[in-house]
Structure formats: structure tokens, C-alpha cells
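Colleague: Input: one structure, supplied below.
Nothing in this text is a laboratory measurement; each read-out follows from the coordinates by a stated rule. Bear in mind that the values here come from a model prediction, so they are computed numbers and not experimental data. Every residue, glycine among them, receives a Cβ derived from its backbone with ideal geometry; neighbour counts consider all protein chains shown.
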Amino acid sequence: MSETVGMVAAVLLPLWNIPLIVRIQRRRSSQDVSPWWAMGVWGCLLLMLPAGLGSPDAVFRAFTVVNLALFSLVVLQVFRYRRP
């Protein structure tokens, strides 16, 4: 039971990145999101990727993959709508 709840949470938690992606898209601006913050978080997620993929814990593996994929979209939006 706890494995199932954990798996659902591991997949749902990164979905909270979607409202940020949509907000940046609608406003056509990412001025309120620091590119340093976005790259820092993304870099940490990338460094965690080998541990996540090599983990025997399915929940951690799922969270790692879904979180990195969706946060990569956040980073793309931040730089796509960044004004010089």
C-alpha cells in the first residue's frame, strides 16, 4: 500500500511544474524566475540522475525521471522567454 501511494506521489509531485510552465507561456515572460535558480535546480537533478536510475526503489526511479523531464521543460521556458 505505501509503495503504491509513494509511486502516485512520485509521479504527481513533479506535475506541479506544469502551472509554472503555463504561466510563463501565457505571460510570455520569465522575468520573475531567476535563471540561476532554474539552472541550479536542474543541475542538481541532473547530478542525482545516476543515483535515481540505479536505485532499487521504484518510487525514487519514477520521481527522478518525471521530475527531471518536467523541470527540464521549466528551464526551457525560462530561457525561451528571458528578455536580454
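Colleague: Using helices alone, I'd like the mean residue ellipticity at 222 nm for the chain: each DSSP H run of four-plus residues gives -39500 (n - 2.57), total over residue count, nearest 500. Intermediate results must be reported in sequence, preceding the final value.
Modeller: Details: 4 runs with 65 residues, N = 84.
Value at 222 nm, helices only, nearest 500: -25500 deg cm²/dmol.
Colleague: Please state the relative contact order of the range 1-83 as a whole percent: Cα pairs under 8 Å, 6+ residues apart?
Modeller: Numbers: 77 pairs, mean separation 41.2, N = 83.
Result for the range 1-83 is 50 percent.
Colleague: Something else now. Hand me the chymotrypsin sites (Phe, Trp or Tyr not before Pro) from the chain located in a DSSP loop with no more than 16 other Cβ atoms within 10 Å, in residue order please. Mind showing how you got there, number by number?
Modeller: Details: sites: Trp16, Trp36, Trp37, Trp42, Phe60, Phe63, Phe71, Phe79, Tyr81; in loops: Tyr81.
Taking the chain and a limit of 16 other Cβ atoms within 10 Å, the loop chymotrypsin sites (Phe, Trp or Tyr not before Pro) found are Tyr81.
Colleague: Enumerate the whole-percent occupancy of each 5 Å bin, from 0 to the last occupied one, for all C-alpha pair distances of the chain.
Modeller: Percent of Cα pairs in each bin: 3, 16, 22, 21, 16, 11, 7, 4, 1, 0.
Colleague: Trypsin sites (Lys or Arg not before Pro) within the range 33-84: which are DSSP loop residues with at most 14 other Cβ atoms inside 10 Å? Walk me through the intermediate numbers first.
Modeller: Numbers: sites: Arg61, Arg80, Arg82; in loops: Arg82.
Taking the range 33-84 and a limit of 14 other Cβ atoms within 10 Å, the loop trypsin sites (Lys or Arg not before Pro) found are Arg82.
Colleague: Near Pro19, within a Cβ-to-Cβ distance under 13 Å, what is the net charge of the other residues, with Lys and Arg +1 and Asp and Glu -1? Mind dumping the intermediate values first?
Modeller: Working: positive: Arg23, Arg26, Arg27; negative: none.
Summing Lys/Arg as +1 and Asp/Glu as -1 gives +3.
Colleague: In whole Hz, what ³J(HN,Hα) sequence does the range 57-74 give by Karplus (6.51, -1.76, 1.60; θ = phi - 60°), x for Gly and Pro?
Modeller: Those phi angles translate into 7, 4, 5, 5, 4, 4, 4, 4, 5, 5, 5, 5, 4, 6, 6, 4, 5, 4 Hz.
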